[in-house]
Each structure stands twice: as C-alpha cells, then as structure tokens.
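For reference, the structure is listed below as structure tokens.
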Amino acid sequence: AQRVTQPEKLLSVFKGAPVELKCNYSYSGSPELFWYVQYSRQRLQLLLRHISRESIKGFTADLNKGETSFHLKKPFAQEEDSAMYYCALTNTDKLIFGTGTRLQVFP
Amino acid sequence: NAGVTQTPKFRILKIGQSMTLQCTQDMNHNYMYWYRQDPGMGLKLIYYSVGAGITDKGEVPNGYNVSRSTTEDFPLRLELAAPSQTSVYFCASSPLGEKLFFGSGTQLSVL
C-alpha cells in the first residue's frame, strides 16, 4: 500500500540551526513527492516538488529511492519557517499526505 | 482571483443533523478533492473528482457523499452527523492532480 511516514510530530530548533524534516514513503512504482506547508492562519500550499529540483525559501529535498526518503532540509532555520509541514505522494489522481511535522523555530 | 472558496468557515452541528459543505473554484481545474485534517493524523482524503460527473472514494469516505455536476463546484454532504466527524475540512483543486490549491477550510464540530 502507498504510504507516507513522517516520524516526528514536532521539531524544535533555534534560529540559525540546520533543519531536517524526515519523510519516508512506500510506493510500488516511480513516485512523485511533494512538500506542502501550512503557516499559521494561512492555507496549505505547495512548498516544493522533487521533479523540480528547486530550492524554495532555502529549503531543498532530495528523493532517495534506495532509502525511500524525501527529507526536507534547510541549512539555517528562520523564525518565519515555523509552520506545519506535510510530505505527500502522488498516487494516480490523488495526493496521499503524511501526518505532518510541526516545526518551531525559536529566536 | 478567488481560487478555491469554502463555505461556511465554522459550523456546529448536533448529532444526527445533516449539512453540506460548499466548495467552488474559479480556475477551471478538472481535479477536486475533499480532505479532513485531524490533530496528529494529517490530511485524510474523503472523496475526489477528476472531472464533472465523476467522483471516487478516498481513504475515509464513510458518512459522506459528494457530487460534481459542474467543473466549478464540489459539495460535500454529511447526512447523519456523528462526533467522529468533528474535524477541519479542506477542499482543494488541481489542474492535473499534482499541485493542489487549497481552500481556507471549514471547522466543523458535532456535539
């Protein structure tokens, strides 16, 4: 069965510290993976997708098929990065989400 | 450009009542979705549609119904509300089933 696992419910770091939000998946086929973010009082929105290989707001994520992972990384966290982050996987016509990780960045 | 609009934003229901959560999008997207968001559980897909006249069940469809008579609208119906349906409901649309555009959510409490 297709599944997305985010093992951490909460990740707390200080400003300037590196951040890694973990995401593992199970999928029979070639997955397409995404990171979505929900800032306080804002709508859930796409942060980045693995096929774009881009850096958004300093975040990057590399698909590791051997480890079936798609961890989200940022070298220096900012307070405005505090939000709920969801890893997601495309399954045919729909998106399957993980349970989310809340990132708290303290000043 | 409104994007995805959900109404109402908040609602309190009594057990056994019924209601319809409205969702409309003005981006001419074919794909539309309903998710529920529960603390610690992430987003669970309730129903989705790949075009007008076509709907499909997601992970947690029990207790809900949908229809897609037009491209723009994708209402979600709760027939007999139960406390387990207390949640935040999100509607989303997508041009191709990948990048999703979300509504602002409906917070529903069933007491």
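Can you tell me which of (1) crowded, with 18+ Cβ neighbours inside 10 Å; (2) in contact with a Ser or Thr (Cβ under 8 Å, 6 or more places away or on another chain) is the one B:Gly63 doesn't meet?
Failing condition for B:Gly63: (1).
So B:Ile15 fits all but one of (1) assigned to a loop (DSSP other than H, G, I, E, B); (2) modelled with pLDDT under 95; (3) not hydroxyl-bearing (Ser, Thr, Tyr); what number is the exception?
Every listed condition holds for B:Ile15 apart from (2).
Any residue in the range B:69-81 that is of a type in the set (Lys, Arg) sitting within a Cβ distance under 9 Å of a residue that is assigned to a loop (DSSP other than H, G, I, E, B)? List the pairs, counting only those 6 or more apart or interchain.
B:Arg77/B:Ser18; B:Arg77/B:Ser67
Starting from residues that are surrounded by 17 or more Cβ atoms within 10 Å (Cβ to Cβ) and away from every other protein chain (no Cβ under 14 Å), keep the ones in the range B:88-111 and report whichever is nearest to the chain's Cα centre (by Cα).
B:Leu108
Do we have any residue at all in the range A:58-75 that's free of Cβ contacts under 8 Å to residues at least 12 places away in the same chain, in contact with a Gly (Cβ under 8 Å, 6 or more places away or on another chain) and not small (Gly, Ala, Ser)?
No: the range A:58-75 contains no residue that is free of Cβ contacts under 8 Å to residues at least 12 places away in the same chain, in contact with a Gly (Cβ under 8 Å, 6 or more places away or on another chain) and not small (Gly, Ala, Ser).
Can you give me the number of residues within the range B:28-43 that are at the interface with another protein chain (Cβ under 8 Å from one of its Cβ atoms) and either among the hydrophobic types (A, V, I, L, M, F, W, C) or crowded, with 18+ Cβ neighbours inside 10 Å (or both)? Show your work before the answer.
The initial filter retains those residues of the range B:28-43 that are at the interface with another protein chain (Cβ under 8 Å from one of its Cβ atoms), namely B:31, B:33, B:35, B:40-43.
Now restrict to residues that are either among the hydrophobic types (A, V, I, L, M, F, W, C) or crowded, with 18+ Cβ neighbours inside 10 Å (or both): B:31, B:33, B:35, B:41-43.
The number of residues fulfilling the criteria is 6.
Out of the range A:90-107, which residues are exposed (fewer than 15 other Cβ atoms within 10 Å of the Cβ) and either hydrophobic (A, V, I, L, M, F, W, C) or in contact with an Asp or Glu (Cβ under 7 Å, 6 or more places away or on another chain) (or both)?
Step one: list which residues in the range A:90-107 are exposed (fewer than 15 other Cβ atoms within 10 Å of the Cβ), which gives A:92, A:104, A:106-107.
A:Phe106, A:Pro107, listed by residue number.
The values are calculated or read from the model by the stated rules, or taken from the named source; none is laboratory data. In this text, all values refer to a predicted model and were calculated from it rather than measured experimentally. Note that we place each Cβ from the backbone using ideal geometry, even for glycine, and neighbour counts take in every protein chain shown.
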